[in-house]
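The values are calculated or read from the model by the stated rules, or taken from the named source; none is laboratory data. Computed from a prediction, not measured in an experiment: that's the story for all the values here. Heads up, the Cβs are rebuilt from the backbone with ideal geometry, glycines too, and the neighbour counts pull from every protein chain shown.
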Amino acid sequence: MDNFNNEQKHLKLGNIYRDSGRNDLALKEFESIIKIDPQNEAAWLELGKTYKMMNRCPDAIEKFIQAVRINPNNKEALMELGGTSRISNNCERAMKEFKEVIGRTLNNEYAHIELSKIYQKIGSFDLALEELRKAYAINQYNSEIFVGFGQVYKAKGQNEEAIGKFKEALKIDPDNKNAHVELGKIYQGQKNYEAAIKEFKSAIRIDPSDKQLHLNLVQLYTKQNEYDSSNKEAQVLLQLIPNDQFSQDAMLNEIEIFQGKTILRSKVKRLWVTLTTRCNIRCRTCGLWSSPWEIPRKTVDEVIELFPYLERVVWLGGEVFLYKFFEELFQKANVFPHLQQQIITNGVILTEEWIKKIVEAGAELTISVDGVTKDVYEYIRTGASFEKLIKNIKLAQDLIQKYHSETKMRLNAVIMKSNYHQLEEFLDFANEFGFEQVSLMALHFDEDPEENIFYSKKDFRSLEYITNTVPKIRQKAKAYDIDLDILLPTEDLKFDRFENNNYPAQPQQETLHCKMPWKYMFICDKGTVYLTGSCLKSIGNIYNNSLDEIWNGPEAQIYRESLLKNQFQDLCRPECMTRWEI
Ligand SMILES: C[S@@+](CC[C@H](N)C(=O)[O-])C[C@H]1O[C@@H](n2cnc3c(N)ncnc32)[C@H](O)[C@@H]1O
Ligand code: SF4
């Protein structure tokens, strides 16, 4: 009895901690339960949900599996396992588990439904339908099964069949929210906005707190030119949001995107700031160190003014540690719990004192590692020491573990002639030294034209090698659980579609392919401002205007207007567009 009470106490406390965003303490509470009773399925489930909130999907999946193994009929655990596996593209593990559950238990309709969703996610529509038929044989009155059928038909492009199934689901259960939402989405796709509004309203009656549904209505009313209704819906939505500056502005930003606004009341959300071009080393690819510049104090003050609204600030240079106001900026930003700081550095300039400050603040640390061997690294990064790099990376890795810090390490590699053959090794290196993310970018600019295999000295043999290697490194990233971002213009990434300014003619009108002009701003050297590093045109300069003025200046508006019309010519960098679903 005592144990039972203790477990309930830990469970309650864990949930309170998680609701208040203190996930580390929540984890401890749920783990205490498992120490008392390793068969407590609720504790495994809550552990999984906490890891999921922390974006640690592989850990979450393992915990959900434990819950499902203890009780294969735990519907919530089955659904969490399926949902988390799908959003994190980790389908194989869940698929195996669902098959085992089906083998072990009789009449487990939810295991069949979840397995069907996994099949649908990986494009095996026939197998998905087969699982749904098995679920239907167990229970003909479960409306979720009809929703499942509808979703598969919708994914196959058979909208009329899908509509039929969603309507059948609603006959069984008129309060099936998913069926209303799916119908709303189909009608919206068919530009039948009135019908879509009706469905989303029904879904909201069932779940008034679903913010996405309110946003859909905001958008649909705008499309119908019913601006008053759209604004009213926006007000309802803002009342669902915590009443603090950051949360309100974040939601206003989403609303303005959905209303297609090009002049924004909401502030920039993600700001990249070049603080100085001064540097302690002389990379052969870099054009910054040779013309010294630093950001003026007036812009530092404007950046500080934006802290209450920002979700991320990225500090870069040159080397930020050589800028006199950097420590002040770092400490002032650190006061805002919602503001994630990221520092991009060559890594060799880092001192033990700074590594400690970064790790204690949980700031993200991006280190440029353009070669995984001493010869290649030191050839590209002139003046840097490979040994010093490794020493600092190891120190950061150790301190992150010691302090259980939320600091994530990202490895940046700019790909060029001297290092493209190390593509696979970058992933091994990242894995060995605890990097959670890897970004592979193409060399731009012509500081060293000989190195530029993508543009000035286009080298088809190297490009072919890269194209063949990309699938291998994707596999490695998956095996190492590394978040891999590839910004390389190769065949594999559909670059041919955009070559020679051959931009896609008229992609789907209904889709906004990139929200960045509503969220990002990038202050470059000499004060030139872009929306992002992948945008081709500048939107202003800090010496001519304030950051607020630039944010809503004519050039920024042109970007937003053009993207709303799906016009990208001369505005967007092709390799950035390759990431959009067109
Ligand atoms: C200019 S550096 C400044 C931050 C820091 N000094 C560093 O090296 O990471 C920012 C990023 O730009 C990359 N970079 C340097 N030269 C480049 C080039 N020619 N083309 C593309 N990226 C480049 C660097 O490797 C680094 O990841
Ligand atoms: S370390 Fe960064 S800023 Fe310094 S020269 Fe290299 S790329 Fe440029």
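Tabulated data
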item: Residue selected from region 434-457 under the condition among the aromatic types (Phe, Trp, Tyr) and surrounded by fewer than 17 Cβ atoms within 10 Å (Cβ to Cβ), by the criterion farthest from ligand 2 (Cβ to nearest atom); result: TYR455
item: Out of ASN419, ASN431, ASN412, sole residue that is closer than 20 Å to ALA477 by Cβ and surrounded by fewer than 20 Cβ atoms within 10 Å (Cβ to Cβ); result: ASN431
item: Counted residues, region 317-357 - those being aliphatic (A, V, I, L, M), more than 22 Å from the chain's Cα centre (by Cα) and away from ligand 2 (no atom under 16 Å from the Cβ); result: 3
item: Qualifying residue in region 202-213 (condition: touching an Asp or Glu at 6+ places or on another chain (Cβ under 6 Å) and surrounded by fewer than 21 Cβ atoms within 10 Å (Cβ to Cβ)); result: yes
item: Qualifying residue in region 336-347 (condition: modelled with pLDDT of 95 or more, away from ligand 1 (no atom under 11 Å from the Cβ), aliphatic (A, V, I, L, M) and farther than 28 Å from PRO449 by Cβ); result: yes
item: Only one of GLU100, GLU80, GLU62 that is under 26 Å from GLU144 (Cα atoms), among the charged types (D, E, K, R), under 26 Å from the mean Cα position of the chain (by Cα) and surrounded by fewer than 17 Cβ atoms within 10 Å (Cβ to Cβ); result: GLU62
item: Residues of region 214-234 that turn out to be assigned to a helix (DSSP H, G or I) and loosely packed, with under 12 Cβ neighbours inside 10 Å, as a count; result: 2
item: Meets criteria (assigned to a loop (DSSP other than H, G, I, E, B), within 16 Å of ligand 2 (Cβ to nearest atom) and under 22 Å from ALA363 (Cα atoms)) for CYS286; result: no
item: Single condition ARG297 does not satisfy, out of (1) within 16 Å of ligand 2 (Cβ to nearest atom); (2) modelled with pLDDT of 95 or more; result: (1)
item: Count - residues of region 343-368 that are within 19 Å of ALA430 (Cα to Cα) and without any contact (Cβ under 8 Å) to a residue 40 or more places away in the chain; result: 2
item: TYR377, sole failed condition from (1) more than 12 Å from ligand 1 (Cβ to nearest atom); (2) closer than 25 Å to LEU288 by Cα; (3) buried (at least 16 other Cβ atoms within 10 Å of the Cβ); result: (1)
item: Scan of region 529-546 for residues that are under 19 Å from LYS515 (Cα atoms) and either surrounded by fewer than 20 Cβ atoms within 10 Å (Cβ to Cβ) or at pLDDT below 95 (or both), ordered by number; result: THR532, GLY533, SER534, CYS535, LEU536, LYS537, SER538
item: Some residue of region 293-300 being more than 16 Å from ligand 1 (Cβ to nearest atom), outside any loop (DSSP other than H, G, I, E, B), free of Cβ contacts under 8 Å to residues at least 40 places away in the same chain and among the β-branched types (Val, Ile, Thr); result: yes
item: Cβ pairs under 7 Å, 6+ apart, first in region 261-282 and over 23 Å from LYS526 (Cα atoms) and modelled with pLDDT of 95 or more, second more than 10 Å from ligand 1 (Cβ to nearest atom) and among the polar types (S, T, N, Q); result: THR262/GLN557; ILE263/ASN552; ILE263/GLN557; LEU264/ASN552; SER266/ASN253
item: In region 440-451, residue farthest from GLU406 (Cα to Cα) [restricted to those that are of a type outside the set (Asp, Glu) and near ligand 1 (Cβ under 8 Å from one of its atoms)]; result: PHE445
item: Any chance LEU252 is farther than 22 Å from THR532 by Cβ, crowded, with 17+ Cβ neighbours inside 10 Å and at pLDDT 95 or above; result: no
item: Odd one out for GLU319, checked against (1) crowded, with 20+ Cβ neighbours inside 10 Å; (2) within 13 Å of ligand 1 (Cβ to nearest atom); (3) modelled with pLDDT under 95; result: (3)
item: Failed criterion for ILE304 (all others in (1) within 14 Å of ligand 1 (Cβ to nearest atom); (2) surrounded by fewer than 18 Cβ atoms within 10 Å (Cβ to Cβ) hold); result: (1)
item: Qualifying residue in region 44-52 (condition: modelled with pLDDT under 95, of a type outside the set (S, T, N, Q) and exposed (fewer than 15 other Cβ atoms within 10 Å of the Cβ)); result: no
item: Verdict on ILE390 being outside any helix (DSSP H, G or I), within 25 Å of MET416 (Cα to Cα) and among the aliphatic types (A, V, I, L, M); result: no
item: Top-ranked residue in region 120-133 [being in contact (Cβ under 8 Å) with a residue 24 or more places away in the chain and either among the hydrophobic types (A, V, I, L, M, F, W, C) or under 12 Å from PHE98 (Cβ atoms) (or both); ranked as surrounded by the fewest Cβ atoms within 10 Å (Cβ to Cβ)]; result: ILE122
